[in-house]
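Here's the structure we're looking at; comments come further down.
What follows draws every value from the coordinates through simple rules; no lab data is involved. Keep in mind the model is a prediction, meaning the values are calculated, not measured. Cβ sites come from the backbone with ideal geometry, for glycine too, and all protein chains shown count toward neighbours.
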Amino acid sequence: MARLELDDVTKVYRGDDDEAGVVAVDDVSVEVPDGDFLVLVGPSGCGKSTTLRMIAGLETVTAGEVTLGDRTINDVSAQERDIAMVFQSYALYPHKTVRDNIAFGLEESTDRSDGEIASAVEEVTELMGIDDLLDRKPGELSGGQQQRVALGRAIVRDPDAFLMDEPLSNLDAKLRAEMRTELQHLQEQLGVTTVYVTHDQTEAMTMGDRIAVLDQGELQQVGTPLECYHQPNNLFVAGFIGEPSMNVFDGHLQTTELVTDSFTYSFSAESVSDLDLEDDSELVLGIRPEDIELGEHSTDENRFEAEVVVVEPMGNENIVHLQFDDTPTDDEFIATTEGVPSVSSGDRVGVVFPEAAIHLFEADTGKAVKNRQLSFTGTPAEMLQ
Ligand code: ADP
């Protein structure tokens, strides 16, 4: 087991006559303490797999340093790195049994006796709940069982670190949710430093001790899932983390009011002076769907009128699509409510955006200038641990 660190790691892919190349990973620095679970999350093409492949030694590092334990491993070959990788495609040998698939890596990489290998394989298959499948071949297993074999093969090597590249994406939704929990328990039990790549923000939110959000090769934020959700560094993180996404409205500041195409939001004078914003700044106001209150009788200053476009009852919550007057038809925003739906399409409702829940971002850079307040007496970092 070991701590993993990336320092200013950059990867540029260059073709033969391609001077500039593609910057796949741009100056990324992140630390994974010994035994921690870091989820690397971002949209397709943001550089997740490239980052993982550099850690594994399957891709050279253009600039920066990768450190595992106390040694820099940039120039160490993949075989000599004590790292086990699990892929989306399970990459099992179809003609070998489960027992032989799991034993194979050990036979190749260690000088343990046959007896030691056999008992290591049995121990791992028991841990993974596949000890009754030892003599089957991959073709005789379900997708979930194959994934367990692939994980078992990684675990049996007892590596310094696990790297997992979308390992659950071939499974159906129910099994994926089950395996998420199982993987987390397993990782806690084994205490092996793990980097897990996914494009799925739900997976990132539910699995990671910490998540690292990437966009276009650049690291946007590293934090606990709740930090990234409630205290996003910028508009990208705010929009990417959370489903349905945060609602955003462009506006410009006039003394203590934010004027948007649809409404004028009044801030308390103190909050604007605390933020130290210049008059006429171009800003983006953000509010999460669950923070919007639908209330006819509210006397809140920031109560606006909107029309309900459609209500999607999900059972545990309702996703209410809303629209302000005079806005383009595709310019909806979303509120979520609990219980039995109290509004239906065509209704005109009052919507309240409580000031404590408002986020503000600079329009040109996307940087957060104000995040929501948290109803907690400690520091935000303590609450979001
Ligand atoms: P992700 O895993 O987040 O989907 P990747 O790490 O696969 O993203 O890719 C990051 C960027 O690098 C993308 O723009 C992709 O097109 C580019 N890329 C990946 N592999 C190569 C390669 N072998 N040669 C050139 N460009 C590549």
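State, as an integer percentage, the relative contact order of segment 263-366 based on alpha-carbon contacts under 8 Å between residues 6 or more apart. So the answer I get is 38 percent. Students often get this wrong, so check it: of 48/367; 11/370; 11/96, which have C-alpha atoms separated by over 28 Å? From the list (48/367; 11/370; 11/96), the Cα-Cα distance tops 28 Å for 11/370; 11/96. Residue 249 sits among other residues whose Cβ lies under 11 Å from its own Cβ, and their net charge, with Lys and Arg +1 and Asp and Glu -1, is -3.
Residues considered: 288, 348, 71. Largest GNM mean-square fluctuation over the chain, using C-alpha springs under 10 Å, is found at 71.
Protection proxy ranking of 186-193, 48-55, 273-280, by the mean of other Cβ atoms within 10 Å over each peptide's residues and highest first, is 48-55, 186-193, 273-280.
In the chain, the C-alpha radius of gyration followed by the widest Cα-Cα span (Dmax) gives 24.8, 77 angstrom. Can you tell me how segment 116-196 classifies by the Cα gyration tensor, rounded, prolate or oblate, using a/c under 1.5 as the rounded cut? It is oblate, given that a/c is not under 1.5 and a/b is not larger than b/c.
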